[in-house]
1. Exactly one condition in (1) without any contact (Cβ under 8 Å) to a residue 24 or more places away in the chain; (2) surrounded by fewer than 19 Cβ atoms within 10 Å (Cβ to Cβ) is not met by Y170; state its number.
2. Is it the case that the stretch 175-184 has a residue that's crowded, with 22+ Cβ neighbours inside 10 Å and either among the charged types (D, E, K, R) or within 26 Å of A311 (Cβ to Cβ) (or both)?
3. Restrict the check to the stretch 239-246 and report whether at least one residue is out of contact with any strand residue (DSSP E or B) (no Cβ under 8 Å at 6 or more places or on another chain) and under 24 Å from G167 (Cα atoms).
4. So which residues in the stretch 243-286 are surrounded by 24 or more Cβ atoms within 10 Å (Cβ to Cβ) and farther than 17 Å from P316 by Cα, if there are any at all?
Amino acid sequence: MELRSEPLPRACNAGPARGPPENCSHAALFAKAEELLEKRLARGDTLARFLKGQLYYEEGLYEEALIQFEKIKDTDFQAMYQLGVMHYDGLGTRENPERGVEYMKKILSSDSPKARHLKFAAAYNLGRAYYEGCGVRRSTDEAERLWLIAADHGNPKASVKAQSTLGLFYCVSVQKDLKKAFFWHSEACGNGNLESQGALGVMYLHGQGVSQNTKAAVECLKEAAERGNTYAQGHLVEYYYNRKFYSTAVALAKRATENDDIAMLAKITDCLPTYVAKGAAMAAFYLARCLQLGHGTQQDQAAAEKYYSKACLLDPGVASDLQLAANLGRI
């Protein structure tokens, strides 16, 4: 599994957001926010330093954000959390996973009420470090323990990312347990996680960790696909193709393959790039098959070759498995 850090949890709801003034550019809004925060700093506002760092962080100005967070890391746990993420992932500084782990451990072990809302996310990030063996000695047992803490029995206020990650973990690790995987994907999906919604659809479809239920599978896959889950889109294309709903398969496959930027899609949907690529590869292969055979669309051998090649580039393993199935007459 290729994992990412948990975004900074919010301590509280700041209230309804005001929309930006009309005819005001993003650059102008940023400059205005920066100016207001400088005024708050001049008045001695203790929160303004963190907000200024967060403004830079969200704009991708990581070096400037790092400077602000460093100034208050000993008194502001949110700044410490962001520094932990930045050192671990190498944002605005050279990668230093050991320091990132150190900050996350401080947050997790703190008795301060100001660290409380960060603990689940810190536990998730520490679990990631142990799973990857980055900054600490690799231990899947310790990763599992920390993720279970972060997931907190499916608590919607805990780390939903940890809940979804446990679902993936129990599918692919030596501790493989599909019933546990189904449980955690169900918890994460119930808490709004898009990746787990797609995974649930696949598990229902193939009877993995749960009794096979095509109706529930299609419902999950459709909802996840509509929300932008490319992995769900790929499996839904396969479902339509196998049931000879070729026109529907072609239409969805075209939508699933129109954007080649896997990293951007993963960021927008908060889904793992590996699974985004797998879904896009499935969609590309079945689209190529339809174009080759004239199923649900006009035959076009040149376009078919293009999409076969695209599937191979996106995920060679998926393309190879589907090509074997085609050679054996299964699809």
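Just so it is clear, none of the values below were taken in a lab; they were calculated from the coordinates. None of the values given here were measured: they were computed from a predicted structure. Note that each Cβ is placed from the backbone with ideal geometry, even for glycine, and that neighbours are counted across all protein chains shown.
1. With respect to (1) without any contact (Cβ under 8 Å) to a residue 24 or more places away in the chain; (2) surrounded by fewer than 19 Cβ atoms within 10 Å (Cβ to Cβ), Y170 is out only on (2).
2. no
3. Within the stretch 239-246 (the criterion being out of contact with any strand residue (DSSP E or B) (no Cβ under 8 Å at 6 or more places or on another chain) and under 24 Å from G167 (Cα atoms)), the answer is yes, since at least one residue qualifies.
4. If the condition is that a residue be surrounded by 24 or more Cβ atoms within 10 Å (Cβ to Cβ) and farther than 17 Å from P316 by Cα, then A249, A253, A256, C271 are the ones that fit.
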